[in-house]
2 protein chains.
Amino acid sequence: MRVIFNEELKQVADDLDRMAQEVRTAILGAGKALLESDVEAAQNVIDGDLEIDALETSVINQCVQLLAKQGPVATDLRVVVSTLRLASTFERMGDLARHIAEIARRTYPESALTPETREIFAQMQSFLNTATQNLITALSTRDEKLAEQIIIDDDKLDELHHQIFDIVNGANWSGNTQQTIDVVLLGRFYERFGDHAVSTARRLVYIVSGFDPSKEPKSKADAAKDPYLNAE
Amino acid sequence: MRVIFNEELKQVADDLDRMAQEVRTAILGAGKALLESDVEAAQNVIDGDLEIDALETSVINQCVQLLAKQGPVATDLRVVVSTLRLASTFERMGDLARHIAEIARRTYPESALTPETREIFAQMQSFLNTATQNLITALSTRDEKLAEQIIIDDDKLDELHHQIFDIVNGANWSGNTQQTIDVVLLGRFYERFGDHAVSTARRLVYIVSGFDPSKEPKSKADAAKDPYLNAE
């Protein structure tokens with residue numbers, strides 16, 4: 001029984017890794033669509049979101065199967081519940097990348113960005129490219145430090161997001177109303193994507209700490225009180 | 001053992017009901033803050049969000065305890081996993097109500113709304129007042145029809161949301177840049193709150209259908225394949 005459980009857990013972990021990779025592909029594509037007015041990249045992100053949604057359903061189904069058939073406790077339970085929640089977060093990140101791509105597609109062949117906001121969005125994009133790469137690595141190598149770095153770095157994204165409001169509200173703002181709308185919404189989508197990356201990183205730290213045998217809950221009752229699984 | 005499980009399930013169901021009520025209080029307060037420039041109402045929503053966050057943590061902890069200690073299957077498992085996911089959605093709804101209240105507080109004593117957008121936001125607010133009331137009732141009475149009504153009604157909110165963009169982009173738009181930003185973000189927060197209400201209603205339909213004995217999964221393997229729990 002135990003071997004089967006671990007095999008099935010490996011399968012769902014692989015699918016979760018794949019989700020993270022798809023999410024990274026989506027945000028890279030959204031950035032290309034937005035910063036390079038690449039409408040083909042935009043369309044690929046929009047089409048690809050269906051696959052991320054399907055992966056979420058598959059991961060959740062597998063988690064529920066594991067819970068129903070194996071009744072895991074301790075670290076295994078922590079991993080299954082965290083996986084279930086991570087899948088929902090990745091699905092949301094895919095939606096946000098799609099929203100960015102949709103704005104890029106709608107404004108094509110024009111850019112949704114005005115000249116004075118381009119550099120900030122390029123920085124936000126670069127930030128998310130790194131964060132999603134770190135997420136994928138942290139997920140597969142269980143590198144706690146890398147996950148913690150994502151959490152620490154989040155302030156930079158918030159700062160960039162605030163700069164957008166300053167520019168749009170400033171005396172030199174060159175955008176028309178539609179550009180104001182687009183830039184404000186795009187800023188929000190980038191910021192939310194970053195927030196989800198941070199919440200994912202936090203959850204990873206809890207999962208990873210569960211693989212440290214010294215932190216392993218000793219009994220079912222301990223597992224139920226497990227602060228790593230539960231803290232938010 | 002069985003009696004204890006049902007008692008504990010009752011406790012977590014009560015806490016989930018309480019979360020739904022807090023979320024309704026939050027959106028009512030956010031609407032009062034925004035539509036009546038009531039800064040005290042705004043502050044109450046902002047302060048009250050901490051309690052919603054605490055309730056989420058408590059509900060998730062209880063669900064994990066139930067999974068660890070009781071290893072539920074079939075309908076019980078469906079209810080526990082759905083409850084876990086509903087708690088996260090309610091937490092997000094609380095955040096969105098807080099975001100609305102924060103904008104109302106920042107613009108006070110001025111309104112964040114321009115005269116031509118006030119009526120649309122009043123309609124969105126009225127829509128969410130009804131939707132959250134229906135959610136609470138559906139949650140406590142397990143009235144599938146009421147939950148389905150929320151899903152059907154969602155188109156109206158999307159339509160109102162589009163009207164905001166039309167007004168802001170129209171020739172008669174009277175707002176300055178900050179008002180454009182606020183109205184666009186407020187529209188987004190209302191629409192997202194509505195989306196979450198719909199996803200909650202969908203999940204409720206699945207839970208409720210699990211209480212129909214004719215749809216009850218017959219075995220552990222059936223439970224694992226349960227489309228009501230898993231479909232999204």
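The values are calculated or read from the model by the stated rules, or taken from the named source; none is laboratory data. All values derive from a computational prediction rather than experimental measurement. For neighbour counting, all protein chains shown are included, and Cβ atoms are generated from backbone atoms with ideal geometry for every residue, glycine included. SASA here: full protein model, heavy atoms, side chains in, ligands and nucleic acids out. Shrake-Rupley method; radii C 1.70, N 1.55, O 1.52, S 1.80 Å.
Data for the structure
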| quantity | calculated |
| --- | --- |
| Test: residue in region A:43-52 that is at pLDDT 95 or above, more than 25 Å from A:V198 (Cα to Cα) and open to solvent by less than 40 Å² (accessible area, probe 1.4 Å) | no |
| Of residues in region A:13-29 being of a type in the set (A, V, I, L, M, F, W, C) and within 19 Å of A:Y190 (Cα to Cα), the one surrounded by the fewest Cβ atoms within 10 Å (Cβ to Cβ) | A:L28 |
| Some residue of region A:130-137 being part of a helix (DSSP H, G or I) and more than 20 Å from A:D158 (Cα to Cα) | yes |
| Some residue of region A:157-169 being among the charged types (D, E, K, R) and either within 17 Å of A:I100 (Cβ to Cβ) or more than 14 Å from every other protein chain (Cβ to nearest Cβ) (or both) | yes |
| Search result, residues across region A:77-102 that are farther than 19 Å from A:D195 by Cα and open to solvent by less than 20 Å² (accessible area, probe 1.4 Å) | A:L77, A:R78, A:V79, A:V80, A:V81 |
| Extreme residue, farthest from the chain's Cα centre (by Cα), among residues of region B:51-87 that are more than 7 Å from chain A (Cβ to nearest Cβ) and among the polar types (S, T, N, Q) | B:Q70 |
| Set B:K10, B:K32: member being modelled with pLDDT of 95 or more and open to solvent by 50 Å² or more (accessible area, probe 1.4 Å) | B:K32 |
| Within region B:131-168, considering residues that are without any contact (Cβ under 8 Å) to a residue 12 or more places away in the chain and not charged (D, E, K, R), the one least open to solvent (accessible area, probe 1.4 Å) | B:T137 |
| Failed criterion for A:D143 (all others in (1) within 14 Å of chain B (Cβ to nearest Cβ); (2) over 13 Å from the mean Cα position of the chain (by Cα) hold) | (1) |
| Residue in region B:89-112 that is of a type in the set (G, A, S) and within 12 Å of another protein chain (Cβ to nearest Cβ) present | no |
| Qualifying positions in region A:103-112 - of a type in the set (G, A, S) and open to solvent by 20 Å² or more (accessible area, probe 1.4 Å) | A:S111 |
| Of residues in region B:176-201 being β-branched (V, I, T) and in contact (Cβ under 8 Å) with a residue 12 or more places away in the chain, the one surrounded by the fewest Cβ atoms within 10 Å (Cβ to Cβ) | B:V198 |
| Selection status of A:K69, within 21 Å of A:Q179 (Cα to Cα) and free of Cβ contacts under 8 Å to residues at least 60 places away in the same chain | no |
